[in-house]
Amino acid sequence: MNPFKIYFQNGIGVYTGKVVETKPHSHHATEIIYGLEGSFKVADAQNNENEYRLSLIPHDIKHRFINTSNITPIFIYLDPFHYLSRQLERSYSLDKVIVGVDNLHRSSTMNDIRSWALGSDVDIIVLITQLIHDLAGYASHTITLDNRIVESTEHIRTALHGGISLADIAEKVHLSESRYAHLFKEQVGIPFRRFVLWTRLQATVEAIVKGKSLTSACYVGGFADLPHFSKTFVDMFGVSPSSVLKA
């Protein structure tokens with residue numbers, strides 16, 4: 001029986017559980033996939049398949065997970081705005097190419113992550129932070145974030161139940177709509193409206209993890225209804241929410 005564990009909070013998501021193969025999809029997270037017992041395949045946007053034990057997938061590129069050996073995968077998702085995501089992207093110059101890493105699967109960090117997946121009570125955030133350090137090196141990159149963008153992303157996360165307008169938030173931070181939209185994409189890595197949708201999705205998944213039903217959770221994230229959330233989830237993860245979000 002495959003383990004089922006999920007964590008999704010504060011810009012970091014980790015999932016291991018039911019063995020699924022996904023439809024072609026793209027999402028706004030930088031993704032790490034690790035095979036607990038062995039390798040798997042990932043197909044890119046051109047349907048070229050490559051085999052990996054650990055893969056790094058840049059945000060917003062279409063891909064498809066293929067479980068060739070019926071292994072248990074661990075999926076790690078990092079919000080593009082998260083400093084760990086930025087460290088990883090800069091260290092590997094992640095842009096539109098999937099990267100394989102072959103030298104970490106026997107490391108102590110991966111052993112600890114494997115133990116977490118199998119049921120050990122360890123702090124997964126500490127382990128993910130250590131994994132990014134192992135991958136990217138401890139020499140941190142200097143990342144300067146504009147305070148206006150930090151302020152506006154915090155506002156988005158607290159205003160999911162109401163209308164979230166680019167014009168209103170641009171006015172709050174004293175920028176024109178066009179200047180704010182350009183600065184937002186430059187700093188965050190994805191356009192404003194996509195970030196809002198991604199933030200709604202994260203909030204909904206967090207609510208499900210905390211025990212809410214799919215129907216109740218979609219309202220927590222500000223989705224109009226369950227079908228809207230389900231369609232967004234399939235578009236971004238390639239599987240239905242009901243197939244992976246419950247043990």
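Build a GNM of the chain with springs between Cα atoms under 10 Å apart, and of ASP60, ASP168, ASP95 the one that fluctuates most is ASP168. Convex hull volume of the Cα atoms of the chain, normalised per residue: 123 Å³. The spacing between segment 1-79 and segment 153-209, judged by their C-alpha centroids, is 26 Å. Based on protein heavy atoms only, segment 9-76 ends up with 35 Å² per residue of surface accessible to a 1.4 Å probe.
Among residues other than LYS172 with Cβ under 13 Å from its Cβ, the summed charge is -4 (Lys and Arg +1, Asp and Glu -1). Accessible surface computed residue by residue for segment 118-242, with neighbouring protein chains in place and a 1.4 Å probe, gives 51 Å² per residue.
Let me make sure I get this right: for segment 1-78, a, b and c are the square roots of the gyration tensor eigenvalues over alpha carbons, sorted descending. Under 1.5 in a/c it's rounded, otherwise prolate if a/b > b/c, else oblate. Which is it? Because a/c hits 1.5 or more and a/b fails to exceed b/c, segment 1-78 counts as oblate. Given +1 at the Cβ of Lys and Arg, -1 at the Cβ of Asp and Glu and no other charges, the dipole of segment 79-192 around its Cα centre is 200 debye to the nearest 20. Projecting the Cα atoms of HIS82, ILE57, SER69 onto the charge dipole of segment 38-128 (Cβ charges, centred on the Cα centre) puts SER69 farthest toward the positive pole.
With a ≥ b ≥ c the root eigenvalues of the C-alpha gyration tensor of segment 91-169, is it rounded (a/c under 1.5), prolate (a/b larger than b/c) or oblate? Here segment 91-169 falls in the prolate category. If you take the charge dipole of the chain about its Cα centre, with +1 on Lys and Arg Cβ and -1 on Asp and Glu Cβ, which of LEU226, GLY38, TYR92 is farthest toward its positive end? Of the options given, the answer is LEU226.
The values are calculated or read from the model by the stated rules, or taken from the named source; none is laboratory data. Everything quoted here is computed from the prediction, not taken from an experiment. So basically every Cβ, Gly included, is an ideal-geometry build from the backbone, and we count neighbours across all protein chains shown. We work out accessible area using only protein heavy atoms, side chains counted, and drop any ligands, DNA or RNA first. Shrake-Rupley method; radii C 1.70, N 1.55, O 1.52, S 1.80 Å.
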